[in-house]
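Worksheet for the structure shown next.
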Amino acid sequence: MDEIVEVGWRDFLGREFGAAEPSDERIIAEMVVDEPDKHLWRVVDAAYDRLVCAACGGKLSRGPAGCAPCDLANGFRYVAREADRPGVPPGNEHALRVNVSVARRPSGISASEVLLRRLSLPALLEGALPTRAQAQAIKAMANRGASEAELAAAIYNEWSRR
């Protein structure tokens, strides 16, 4: 799942800076997070990965819930732009972004929610987009204690139908 944001970062660097030196990436990352609304979400997420939180010492925005700098950075990541990929239904990129965000920073999120988000990623990457009813049905299954295998089967059987 980290590769999803890393590809976006590498594309951004190549397009905007050509052959940027690894030592320049931190400076570029600081510029990106200063204006997250001007960049795609994958670029912003990858920029945060290159910065260290002064409070918890982890990757900025990915620290535990309650770490003030990470909580703030995690909130700012959501002002970044989204652009649906060609060939996917409108809204797929948003769904992918939310699932990646939860899977990358599970602190403070229920275990069943993190599991659902992780299991959904492959289907979303393939271009699936559940209806509200389908998403609610999967969530209800998880709340009733469905196994990982049952949830995965439901995601792939239901969401793939168009």
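Go through the range 25-76 and report how many residues are of a type in the set (Lys, Arg), in contact (Cβ under 8 Å) with a residue 40 or more places away in the chain and not in a helix (DSSP H, G or I).
1
Quick check on residue 2: is it under 19 Å from the mean Cα position of the chain (by Cα) and within 19 Å of residue 98 (Cα to Cα)?
yes
Mind listing whichever residues of the range 78-101 are part of a helix (DSSP H, G or I), crowded, with 18+ Cβ neighbours inside 10 Å and out of contact with any Ser or Thr (no Cβ under 6 Å at 6 or more places or on another chain)?
Of everything in the range 78-101, those that are part of a helix (DSSP H, G or I), crowded, with 18+ Cβ neighbours inside 10 Å and out of contact with any Ser or Thr (no Cβ under 6 Å at 6 or more places or on another chain) turn out to be 92, 93, 95, 96, 97, 100, 101.
From the residues in the range 1-15 that are in contact (Cβ under 8 Å) with a residue 12 or more places away in the chain and among the acidic types (Asp, Glu), which one is least open to solvent (accessible area, probe 1.4 Å)?
The extreme case among them is 6.
Kindly indicate which of 121, 129, 96 is in contact (Cβ under 8 Å) with a residue 60 or more places away in the chain, of a type in the set (A, V, I, L, M), over 24 Å from residue 34 (Cα atoms) and out of contact with any Asp or Glu (no Cβ under 7 Å at 6 or more places or on another chain).
121
The values are calculated or read from the model by the stated rules, or taken from the named source; none is laboratory data. All values reported here derive from a predicted model rather than from experimental measurement. Virtual Cβ from ideal backbone geometry, glycine too; neighbours counted across all protein chains shown. The protein model used for the area step is the full one, side chains on, heavy atoms only, and it has no ligands, DNA or RNA in it. Shrake-Rupley method; radii C 1.70, N 1.55, O 1.52, S 1.80 Å.
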